[in-house]
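Worksheet: one structure, shown below.
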Amino acid sequence: MGNINAVVDLRQDGDIAVIQMQNAPVNALGFDLREGVLAALRKIKDDASIKAVILTGTERAFSGGADITEFGKPPRPTSGNLFQDLENFGKPVIAAIHGLALGGGLELAMVCHYRVGWPNTRFGLPEVKLGLIPGAGGTQRLPRLIGPEKALKVIVTGDPIGTDEAKAEGLLDAVMSGPFPDAAVAWTRDLVAKGATLKKVRDRDERLQAVRANPKQLDDAAGALLRRARGTSAAKACLAAVKAAVDKPFDEGLALERKLFTDLVGGDESRAQRHIFFAEREALKVPDVPASVKPKQIKKAVMIGGGTMGGGIAMNFANVGIPVTIVETSDDFLKRGLGRVSQNYKIAEERGSMAKGETEKRMALIEGTTDFNRVAEADIIIEAVFEDMDLKKEIFARLDKIAKPGAILATNTSGLNVDEIASATKRPQDVVGMHFFSPANVMRLLEIVRGAKTSHETLVTAIDIGRKIGKVPAVVGICEGFVGNRILRRRGEQATKMLLEGALPHQVDDVMVEFGFPMGPFAMGDLAGLDIGYQARKAKGNVGKEERFFIVDALVGAGRLGQKSGSGYYRYDPGSRAPKHDPEVEKIIVEASKKAGITRREISKEEILDRLVLPMLNEGARILEEGIAIRASDIDVIWVYGYGWPVQRGGPMFYADLLGVANVRDRLEKLAAKVGDESLKPAPLIVQLAKEGRGFGSTGVRKAA
């Protein structure tokens, strides 16, 4: 408890006043904190014994930014304007930053006259990830400190920078080597002795001059950043605000920033992204699991299988310092798998996404063996072999005999029945599905599949380890394809039908990209490889016999396997992943339509969008009816983090609410009648919600998965 109020403390160290923010966990800038700092400033304003002021937080955080729970609520007026009062304070104010300064926290630091930080601190303006721009001067002050081009990157990506970069670019005045916060007190005392001036960031423009002289520099820097952001309103607003920092007087730029912020905060894109922010956290909660259940400690992991998926999963453990052993069936497979992992790390170093020398450190945590008995060492064992039930059951039967009591036995299945896999053991309570997404070292989603006998302890351990290795866990129940792939299948069915009826791959994919996906279903098929499902059908003697596979079977039969062969639904130039329209594919598609007895017709962009998106919303409703997902928002989390659903549209179920559930019902009914497809008729839950005038956001917890 502070001595100013519950979250702010004021103390005096000689001629230096130290105002410490103590609003756990990350000093969110809520009303009480703002009011407390203002009260502290008033208390010391006329004290002649105080020569300078240090504003600081805790070792964990200077401040993580605005209190997001206050968004959309009537503002509570404080007794002053914190940012203006700090900037105009008559004595030097030094921001002493430890842990992190993000969003409004960094904006608060930038109104101070000086900034010092400690090693391993993070500085950033992540508002764009909530569909917003910095709204308290961040877009105006950061360009004045580090230059418009570098500031634009920080603001548009929302990615934080470290202490070394912050000091090198001019955000920090000094890096502390002594203890927190005492080193800042000593630095400030020395600053006062040298005659500290009141350096207002708003008055500085030396870092703006180069772009003022050559505005094209900023436009060039913006191009790639906006493409990466897929043209979201927030990213465009970030650019407009940073340009204002260059072109306009400070107060005019500040006014534009505030207007842009206000426009965004009330818009659908920001609502959607704030929805995902909270949904991600809500997905960690399983209603029937008592709060007293604690996760097991995971000190050692074992991967069964060192292929692309197994190696990628192993990297996640090594990345956070957990030793992992990869078990393979032969030295050749093992060498190939470890080589792939090492190469992935080296590429990360070359791209600058990992520090030089990290490859050796992380590879030292990954061991390979062909000795299956090494599973006995593990606290968690994750099987990542082919999607073959007999093979998986054989492996789990072996694990049952060798793994130590209480070890987590996880299967990385994308759709097989976890209960059947668990039946191969005498400890089904320890078995859980952990469905990683490819590439497993990059994709953030982790579908945690709860079996009928999976214990609470196993479940919370899977969730906990998922978070520790940087994933976004979502608990689901058992059905074919679980949540993500089950919905994907509905979209894929309609995409394929539209090719037979008259559309071409690029027409379908273009609609999805325009909607906000990174790629469409056919470009995604080329990336994954068209021969995977083909080989399974071939083994069953079922190639060229089912209408829905006519096209893909013909493509594979012609040697078009996707990107790996240089052609699939598209053709690819050597060394390029850019898909190009291929007339040869059109011939194959037209021939498949004839074989199916379908007369081709022109299909509008509007119909393409409805037939791709509406079935996804419909299947999500069925999943909720069956209790496969706990909450509608869990489905949104799964599709945003695992399948590239555009975050600015909030996930399938949030998007259904944006459209209006009654509107979704009516469009599904019309679509089903138009194309003669009974599967497109609205699910009972959609009919019920439409009748009651409610949305999926009102459904709450359906039942424990």
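We did not get these values from a lab; they are worked out from the coordinates using the rules stated. Computed from a prediction, not measured in an experiment: that's the story for all the values here. Backbone-built Cβ (ideal geometry, glycine too); neighbour counts: all protein chains shown.
Highest mean first, the peptides 412-418, 396-402, 290-296 sorted by other C-beta atoms within 10 Å per residue fall in the order 412-418, 396-402, 290-296.
Normalised by 2.2 N^0.38 Å, where N is the number of residues, the C-alpha radius of gyration of segment 427-545 stands at 1.31.
Only the Cβ atoms of Lys and Arg (+1) and of Asp and Glu (-1) were treated as charged; on that basis the dipole of segment 437-564 about its Cα centre amounts to roughly 460 debye.
Taking a label point 7 Å from the Cα of residue 219 along the Cα→Cβ vector, which residues of segment 235-249 have an amide N closer than 20 Å to it? Output list for this probe position: 235-248.
Cross-link check: pairs 300/404; 294/393; 129/236; 294/401 evaluated at a Cα-Cα cut-off of 22 Å; pairs beyond the cut-off: 294/393; 294/401. For residue 325, the amide hydrogen comes within under 5 Å of the amide hydrogens of 301, 302, 303, 367, counting only partners 5 or more places away or on other chains and with H modelled in the peptide plane.
What the Cβ-Cβ distance of residue 340 and residue 595 gives, at R0 = 51 Å and to the nearest 0.05, is a FRET efficiency of 0.80. Label-to-label distance for residue 578 and residue 259 is 3.8 nm, based on points extended 7 Å past Cα in the beta-carbon direction. Taking amide H as placed 1.01 Å from N in the peptide plane, the amide H of residue 378 sits under 5 Å from that of 404, each at least 5 places away or on another chain. With helices as the sole contributors, the chain gives -14500 deg cm²/dmol at 222 nm; each DSSP H run of n ≥ 4 counts as -39500 (n - 2.57), and the sum is divided by every residue.
In the chain, the DSSP beta bridges split such that about 30 percent are antiparallel, to the nearest 5. From least to most packed, judged by other beta carbons within 10 angstrom and beginning with the fewest, 238, 112, 479 follow the order 479, 112, 238.
Counting charges near residue 581 (Lys, Arg +1; Asp, Glu -1) among other residues having Cβ under 11 Å from its Cβ returns a value of -3. Shape analysis of segment 93-136 places it in the oblate category; the axes a ≥ b ≥ c from the Cα gyration tensor give an a/c of at least 1.5, with a/b not above b/c. Of the chymotrypsin sites (Phe, Trp or Tyr not before Pro) found in segment 297-386, the ones in coil according to DSSP and having at most 13 other Cβ atoms within 10 Å of their Cβ are 386.
Seen from residue 196, the other residues with C-beta closer than 14 Å to its C-beta sum to a net charge of +4, counting Lys and Arg as +1 and Asp and Glu as -1.
The loop-placed GluC sites (Glu not before Pro) in segment 23-93, going by DSSP, that have at most 16 neighbouring Cβ atoms within 10 Å of their Cβ come out as 59. For the chain, a simple Cβ point-charge model (Lys and Arg +1, Asp and Glu -1, everything else neutral) yields a dipole of about 60 debye relative to the Cα centre.
Here segment 301-478 carries DSSP beta bridges of which approximately 15% are antiparallel, counting only pairs with both residues inside. Here the chain was treated as a single set of alpha-carbon atoms; its pair distances binned every 20 Å from 0 give 16, 43, 34, 7, 0 percent. Take the convex hull of the alpha carbons in segment 323-390; its mean projected area over all directions comes to 5.8 nm².
Taken one residue at a time, the phi angles of segment 262-279 give Karplus couplings (6.51, -1.76, 1.60, θ = phi - 60°) of 4, 4, 6, 5, x, x, 5, 4, 5, 4, 5, 6, 5, 4, 5, 3, 6, 5 Hz. Gly and Pro are set to x. Computing FRET efficiency as 1/(1 + (r/R0)^6) for residue 658 and residue 444, where r is the C-beta to C-beta distance and R0 is 22 Å, gives about 0.40.
Loop-located GluC sites (Glu not before Pro) across segment 482-550 with a Cβ neighbour count of 15 or fewer within 10 Å are 546, with loop assigned by DSSP. A straight line joining the Cα centroids of segment 528-543 and segment 332-346 runs 27 Å. Straight Cα distances below 28 angstrom link residue 199 to the lysines 43, 45, 51, 91, 150, 153, 167, 243, 248, 259, with same-chain residues fewer than 8 positions distant left out. Taking only Cα atoms, what is the 0 to 90° angle, nearest 10, from helix 505-515's long axis to the longest principal axis of the chain? Relative to the chain, helix 505-515 is tipped by roughly 30 degrees. In summary, segment 166-274 shows an alpha-carbon radius of gyration equal to 1.43 times the 2.2 N^0.38 Å reference for compact globular proteins. What shape does segment 605-698 take by its C-alpha gyration tensor, where a ≥ b ≥ c are the square roots of the eigenvalues and a/c under 1.5 counts as rounded, a/b above b/c as prolate, and the rest as oblate? Because a/c hits 1.5 or more and a/b fails to exceed b/c, segment 605-698 counts as oblate. A Förster radius of 41 Å combined with the Cβ-Cβ distance from residue 13 to residue 205 puts the calculated FRET efficiency at roughly 0.75.
Give the shape of segment 523-595 as rounded, prolate or oblate, defined through the alpha-carbon gyration tensor: a ≥ b ≥ c are the square roots of its eigenvalues, a/c under 1.5 means rounded, and otherwise the shape is prolate if a/b is larger than b/c and oblate if not. Oblate is the answer for segment 523-595, as a/c is 1.5 or above yet b/c matches or exceeds a/b. Using the average count of surrounding beta-carbon atoms within 10 Å as a protection proxy, the listed peptides 442-449, 253-260, 668-675 rank, highest first, as 442-449, 253-260, 668-675. Within the shell of other residues whose beta carbon sits under 12 angstrom from the beta carbon of residue 567, the net charge comes to 0, with Lys and Arg scored +1 and Asp and Glu -1. In this label model, residue 351 and residue 456 are separated by 4.1 nm, measuring between points 7 Å along each Cα→Cβ vector.
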